[in-house]
Amino acid sequence: MRIALKFTLIFYIVLCLPVHTYAAFGDVSARNAVLIEQTSGRVLYEKMAHQSEKIASITKIMTALLATESGKMKEKVTISSNAVRVEGSSIYLKPGDKVVLEDLVYGLMLRSGNDAAHAIAEYVGGSVEGFVYMMNEKANEIGMKHTHFSNPSGLDGDGTHYSSAYDMAMLTRYAMNNTAFKKIFGTKSYQSESWDYPWKNKHKLLTFMYESTTGGKTGFTKKAGRTLVTTASKNGLDLIVVTLQASSDWDDHMYLFEQGFKQYKLTDILVKGGLRVEDGAYQNHLYIKNPLSYPLAKGEDRLVQVDVELVKQAKPKDGEVVGKAILRFDGKVVGQRNVFYSKKKQLQTTGVLWSDFKEVFSSMLGVKYDG
């Protein structure tokens, strides 16, 4: 008879620390702004971040992402007359030109070419309309709830093209997991074989103003105002800032980054290796394959809780998933990892954070038997 025993062990992190205080930020010039940590997606600062607004050329982050995901980056695109007639910024394409898709994406991101955006849309989506459909499908997939795209470039249009600072941060976070996108996003200058001069990125923080910058995209229309997306990394912390309608966007971004790097640390809650539990059958035989970290400000340790939920089996197989470790911050689930069984004894690593904290185990919360 197989007996399944389900129980939860709750680890409470306890230490004599100062009373919890939330990180403090001053105001910024932007009407809408957000600062998030890239690995966890935690919002560290927000100002009207979920309000839908015109976003101008930061739209091109979605256009570039879909191009890099298309598998067609090395293919040549024949430029149409419709593409070269698109208003706004341009990389000066001509009808009949044959340009490698990858070059178009660099022109899109570094020089914000609207003609490049149109050409990419026609080639990857079959038509601009088809590409816009893809943009909105991807937005739904990512969970961009306050977003609707009506073109690939960011032109204001008829009011049906909009997003929010938070949605654009989520899009950027998603896109940064794409190797090709990440490379282009962080490129300062690019020389195409089809042009006799290099393209220099318009994003000043990336090119010379802020050394921790890893990527970014600028945007501007008269109706949208100045829009800006920037990524930066320092001391193992990866941050994303998005601002909309910002009169001093460069300063806004540098300020938010510096406050984020100053006040937060990406803290290892669980590290790869053995997981410590006080249970006879599983003790010294559990492990996790992937670490789990979360950005914490000073004093926030008290808000961290890890629940380990296990299903006890009579004869678990080596490498079998037997439960999960759930990370809660301030009572909300913010991450989890599978817990695996090993026939061999595992070194008890648990987590860097745990070495400084006393572990308090709860009693068994519930028992369920299956015949």
## Note on the structure
Expected vector for the range 77-86, Karplus 3J(HN,Hα) from phi with 6.51, -1.76, 1.60 and θ = phi - 60°, integer Hz, x for Gly and Pro, equals 10, 8, 7, 8, 5, 5, 5, 6, 8, 5
#### Entry: Candidates Ser194, Ser248, Ser293, ranked by Gaussian network fluctuation over the chain, Cα under 10 Å, top entry
Ser194
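If you average over every viewing direction, what projected area does the convex hull of the Cα atoms of the chain give, in nm²?
22.0
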#### Entry: Cα-based helix-to-principal-axis angle, 165-175 vs the chain, degrees rounded to 10
80
### Under Karplus coefficients 6.51, -1.76 and 1.60, residue-wise ³J(HN,Hα) of the range 262-270 in Hz, glycine/proline x
6, 9, 10, 9, 6, 9, 6, 8, 10
### Query
What translational D, rounded to a whole number of µm²/s, comes out for the range 224-301 from Stokes-Einstein when the hydrodynamic radius is the Kirkwood one over Cα pairs, at 20 °C and 1.002 mPa s?
139
## Note on the structure
Note: the range 16-141, point scatterers on Cα, Debye, no solvent; log10 I/I(0) at q = 0.20, 0.23 Å⁻¹ equals -1.11, -1.31
### Task
Would you mind checking the tilt of helix 60-69 against the longest principal axis of the Cα atoms of the chain, expressed as 0 to 90 degrees and rounded to 10?
70
### Query
In Å, what Rg and Dmax follow from the Cα atoms of the range 98-165?
12.2, 37
### Message
Taking the square root of 5 times each eigenvalue of the Cα gyration tensor, what semi-axes in Å does the equivalent ellipsoid of the range 161-308 have, largest first?
### Response
38, 19, 14
### Query
So who's got an amide H within less than 5 Å of the one on Ile269, skipping anything under 5 residues away but keeping other chains? H placed 1.01 Å off N, in plane.
Leu292, Ser293, Tyr294
## Note on the structure
Which of Pro295, Pro152, Pro316 fluctuates most in a GNM of the chain (C-alpha springs under 10 Å)? That residue is Pro316
#### Entry: the chain: most fluctuating residue of Leu228, Leu35, Leu270 per GNM, C-alpha cutoff 10 Å
Leu270
### Query
On a 0 to 90 degree scale, rounded to 10, what angle separates helix 101-110 from the longest Cα axis of the chain?
90
### Query
So how far apart, in nm, are the two label points at Ser90 and Asn136 if each is 7 Å from Cα heading toward Cβ?
2.9
### Task
Could you state the orientation-averaged shadow area of the convex hull built on the Cα atoms of the range 147-201, in nm² to one decimal?
5.2
### Query
Tell me, what HN-Hα J-couplings in whole Hz come from the Karplus equation 6.51 cos²θ - 1.76 cosθ + 1.60 at θ = phi - 60° for each residue of the range 114-131, using x for Gly and Pro?
5, 5, 5, 4, 5, 5, 4, 4, 4, 7, 6, x, x, 6, 4, 5, x, 6
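Computed from the coordinates by the stated procedures, all read-outs in this text should not be read as laboratory data. For clarity, every value in this text was computed on a predicted model and none was experimentally measured. Here the Cβ is made from the backbone with ideal geometry for all residues, glycine too, and neighbour counts use every protein chain on show.
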